[in-house]
Amino acid sequence: LAESLIKTVMKYATVLKDHPCDYNARAQIMWASSLSHNGLTGCGTRGDWACHQIEHELGGMFDVAHGAGLAAVWGSWARYVFSEDASRFAKFAVNVMDIEPEGKDDKELALAGIEAMEEFYRSIHMPASLKELGIEPTEDQIEEMAYKCTFMGRRTVGGFKSLGKEDIIKIYHAAR
C-alpha cells in the first residue's frame, strides 16, 4: 500500500509540475496524502519519522517548507540508515523506483534507489540537498538543530535506526 501511494504521488506530482491546476492530479495527491497520514500504511510495520524530525529543526531555523526540507535531507538520511536493513531499501528501489535488480546486491539496489529518488525530486524542481534548498547552515547552526532535534540530548529519533545528536550532525553535514 505504501509503495503504491508513493508511486501515485510521484505520477501526479509530475503532472502538476506542468499543469498546476489539474483537478484530477490534485485529487489523487490529496487522496494519497489522506491514506498516507491516517496510520494505515504503518500497520504491522516499524515506522520511522526521523527524517521529519530532522527537517522540523531545519524548517524552524530557516523557515523552509516542510516538503522542500524533507526532499533536501531525505537522501542523506537514507544513505546514513539504509545499512540497518539494506533489503528494505532494495525493495523500495525495485518496487517504487523501478530499478532493474539483475546483477545487483541489496546495497547496490538501495543506493541506486536513493539516487533515483533524489533525481525524481530534482525533476519536479524540489531540492535534494541543503545547497539546492538555498541554505548553508554554519557548524553552530547544525549543532543547535541536532541538539534541539534530540530534545536537548534527552532522546533519540528514528525507529529504523536510533539516531542521537552526533548521528544527526552527520546527516546534516552529508545533506550540504
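The values are calculated or read from the model by the stated rules, or taken from the named source; none is laboratory data. Given the structure is predicted, the values throughout are model-derived calculations rather than measurements. Reconstructed Cβ throughout: ideal geometry from the backbone, glycine too, with neighbour counts over all protein chains shown. When the accessible area is computed, the model is the full protein with side chains, heavy atoms only, and any ligands, DNA or RNA have been set aside. Shrake-Rupley method; radii C 1.70, N 1.55, O 1.52, S 1.80 Å.
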Inset, instruction - Considering only the range 60-98, state which residues are within 12 Å of Pro127 (Cα to Cα) and open to solvent by 60 Å² or more (accessible area, probe 1.4 Å). - result: Ala65, His66
Inset, instruction - Could you tell me whether the range 73-80 includes any residue that is closer than 21 Å to Gly158 by Cβ, touching a strand residue (DSSP E or B) at 6+ places or on another chain (Cβ under 9 Å) and of a type outside the set (D, E, K, R)? - result: yes
Inset, instruction - Output yes when any residue across the range 34-42 is farther than 19 Å from Val96 by Cβ, exposed (fewer than 11 other Cβ atoms within 10 Å of the Cβ) and not charged (D, E, K, R), and no when none is. - result: yes
Legend entry - Search result, residues across the range 150-176 that are at pLDDT below 95, open to solvent by less than 70 Å² (accessible area, probe 1.4 Å) and more than 18 Å from the chain's Cα centre (by Cα): Gly153
Inset, instruction - Take the residues in the range 43-53 that are open to solvent by less than 50 Å² (accessible area, probe 1.4 Å) and among the hydrophobic types (A, V, I, L, M, F, W, C), then tell me which one is farthest from the chain's Cα centre (by Cα). - result: Ala50
Legend entry - Pair list, Cβ < 7 Å and 6+ apart or interchain, from the range 71-92 residues that are under 18 Å from Glu118 (Cβ atoms) to residues that are not small (Gly, Ala, Ser) and not in a helix (DSSP H, G or I): Ala71/Met126; Ala71/Pro127; Ala72/Pro127; Val81/Phe160; Val81/Lys161
Legend entry - Residue list for the range 121-149, restricted to those being over 17 Å from the mean Cα position of the chain (by Cα), surrounded by 20 or more Cβ atoms within 10 Å (Cβ to Cβ) and in a loop (DSSP other than H, G, I, E, B): none
Inset, instruction - Could you check, for the range 9-31, whether at least one of its residues is within 30 Å of Tyr147 (Cβ to Cβ) and open to solvent by 80 Å² or more (accessible area, probe 1.4 Å)? - result: no
Legend entry - Pair list, Cβ under 7 Å, 6 or more apart: the range 142-159 residue of a type in the set (A, V, I, L, M, F, W, C), other residue assigned to a loop (DSSP other than H, G, I, E, B): Val157/Thr150
